[in-house]
1. Of all residues in the stretch B:21-47, count the ones that are in contact (Cβ under 8 Å) with a residue 12 or more places away in the chain and among the polar types (S, T, N, Q).
2. Somewhere in the stretch B:35-51, is a residue outside any helix (DSSP H, G or I) and at pLDDT below 90?
3. Can you tell me how many residues in the stretch A:414-464 are buried (at least 19 other Cβ atoms within 10 Å of the Cβ) and on the phi > 0 side of the Ramachandran plot?
4. Right, residue B:18: over 30 Å from residue A:56 (Cβ atoms), of a type outside the set (Asp, Glu), touching a residue at least 60 places away in the same chain (Cβ under 8 Å) and within 7 Å of chain A (Cβ to nearest Cβ) or not?
5. Please work out which one of (1) of a type in the set (A, V, I, L, M); (2) at pLDDT 90 or above; (3) not assigned by TED's automatic domain parsing to the domain that holds residue A:66 is the condition residue A:84 fails and give its number.
6. Is it the case that residue A:169 is more than 30 Å from residue A:48 (Cα to Cα) and surrounded by fewer than 20 Cβ atoms within 10 Å (Cβ to Cβ)?
7. Going residue by residue through the stretch A:361-368, is there one that turns out to be closer than 13 Å to residue A:257 by Cα and either touching a residue at least 40 places away in the same chain (Cβ under 8 Å) or out of contact with any helix residue (DSSP H, G or I) (no Cβ under 8 Å at 6 or more places or on another chain) (or both)?
8. Kindly indicate which of B:55, B:94, B:29 is at pLDDT 90 or above and β-branched (Val, Ile, Thr).
Amino acid sequence: MRGLFRWSGKWWPGVVPLVLFWAVAAWNNTAAVEADLAGKATAAVKDVVLDKVRIAADGRDIDFEAEAFSEEGRHGALIAVGAVPGVRLVDDDSRLVPEAKPFVWSAEREVAKITLSGNAPLPVVKGKLMDVARDQVKGIEIVDQMGLARGAPTNFEDAAALLIGQISKLKDGKVAISDSTVSLSGMARELGGREAIATALKGLPQGFSVAANDVRAPPYIFQANKDPVAVTLTLSGYVPDDNIHAIVLGSSSRKFFSEKVVDNLKTSVGAPPGFVNAVIPALGVLSRLSTGTLVVTDREVKISGDALYEAAAAQIRAALPKDFPREWQVTADISVKPASAPVDASVCQQLFSDLLSKTKIRFLTGRATLDSDSTGLLDHLVETALRCPNAAIEIAGHTDSEGEDAANQTLSERRAQAVLDYFVKAGLPADRFTAVGYGSTKPVASNDTDDGKAQNRRIEFLVR
Amino acid sequence: MAYMIAFHWGWLLASLVLGFCMGWVAVVTHARALPKRWMIPLAVLAAVLVTVALTQVVPGRFGYWLDLLLLMFVPYLIGCAIGSQLRGWVVMRTAPRG
């Protein structure tokens with residue numbers, strides 16, 4: 001041992017090559033050690049949810065820079081990096097992702113581009129929302145401008161996914177979340193889009209509420225065009241459902257007795273309130289015109305065309321305000337058709353017969369009140385009467401045999417008088433007309449069948 | 001430590017061999033031994049360096065280089081000790097008796 005101690009005094013010359021070895025080793029290995037440790041540290045935090053991760057090695061020390069989404073995550077990442085074999089120290093530059101208050105997220109659509117912006121709580125949620133957007137609106141550019149922040153409301157991901165689903169129903173617009181309230185604005189792609197979105201919003205996760213739903217829908221349009229040349233009534237646009245579709249068609253076929261009804265209507269939700277109560281009287285007005293167009297756009301009704309005679313135009317204009325629901329705006333551009341050439345009594349009789357062969361004057365059941373569906377026919381009858389100003393005309397009322405004869409007699413007289421009154425209101429002189437009731441004494445068909453009875457209930461015009 | 005050894009084993013082996021050679025030569029060389037008055041300052045220097053390394057106060061690459069230097073010294077000294085001891089035995093056995 002003493003020898004070893006004595007000899008050790010002569011070991012120092014070897015230190016010179018040893019230092020040389022060290023210098024070479026340090027020169028060669030520093031970069032390799034740093035790359036190896038940085039790689040291992042990166043792998044160690046691979047499974048920890050972090051943002052803006054930057055790991056660099058300085059010798060055996062690791063500079064760890066990252067944003068974590070929770071204190072536990074940040075702490076866990078630091079421990080994982082520190083536990084990498086070979087790491088000496090960890091220089092901690094990590095911090096928590098900033099908390100957003102309020103937590104805001106939005107998706108905006110500009111026809112062919114969707115931009116997701118605002119905050120997402122985790123990178124994985126951000127990725128999922130992008131996937132949902134790509135899935136919902138295929139073939140459209142999706143731009144990710146989302147940042148990451150803490151403070152998202154519970155069920156944020158579900159709410160945002162639901163809203164992305166709604167943006168596919170918009171032509172342009174924006175859906176947004178601010179804490180636990182959602183707001184929507186823009187223009188729906190289709191009629192009914194607004195309603196579909198409102199329905200879908202009922203599925204928002206618990207805790208979320210709708211602060212504003214300002215989604216507008218394209219105008220709800222209904223059109224009717226009366227063409228006297230083709231003798232057609234063309235219906236186009238939308239009706240709310242099959243039931244109203246049937247009502248509109250039924251009303252049209254009664255009111256437009258000589259025109260063929262061309263039905264190009266489609267069914268769609270999104271009709272303004274009171275749709276049917278506005279469309280039916282509007283069709284009634286159109287039926288009184290010789291040629292005309294009806295356009296219903298949302299709650300606006302526009303009717304234009306030619307009335308058959310001057311008094312009809314005045315009556316139409318006067319009745320407009322009371323025939324339509326309130327909140328509806330009605331404009332009528334009614335002119336008067338030039339008067340037709342006068343004809344003699346026999347032609348006049350023929351014209352009356354032709355009109356009444358197509359349909360007949362309707363009354364409310366058991367009463368002498370004219371059915372509004374017959375107004376168009378009555379105007380045509382008035383127009384005919386105007387063409388033979390010198391002829392005396394008998395307006396004859398008839399009933400079927402149902403009920404007592406006296407009652408039928410009275411009803412037939414009152415119905416004939418109601419027609420006469422309509423003619424007088426139209427400006428025709430009362431002394432040209434005689435209202436006569438025949439009860440059921442002059443049937444034209446058997447009273448044993450419903451069809452025969454219907455034929456017997458009638459008003460006839462006899463030109464003398 | 002295990003990582004440092006595993007990563008630099010070649011250099012550590014070289015240090016051991018260098019130490020062995022130095023120890024082998026030291027027994028018979030006529031070179032001057034290190035003056036005794038240097039022993040204490042060198043021991044103090046070694047203690048300071050070891051303390052600095054253990055407390056990890058030297059940052060980054062300098063810290064790594066210090067660790068590597070001290071680590072390479074260990075096999076060098078072991079090599080020296082083994083070399084000198086073996087040479088000492090060899091010299092004793094081959095020395096003329098009497």
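1. Adding up the residues that qualify gives 0.
2. Checked against the condition, which is being outside any helix (DSSP H, G or I) and at pLDDT below 90, the stretch B:35-51 yields at least one hit.
3. Residues that pass the stated criteria total 1.
4. Criteria met by residue B:18.
5. Condition (3) is where residue A:84 drops out.
6. When the stated conditions are applied, residue A:169 does not pass them.
7. Yes - at least one qualifying residue is present in the stretch A:361-368.
8. B:55
The values are calculated or read from the model by the stated rules, or taken from the named source; none is laboratory data. All of these numbers come straight from a predicted model, not from anything done at the bench. All Cβ positions, even for glycine, are placed from backbone atoms using ideal geometry, and neighbour counts span all protein chains on display.
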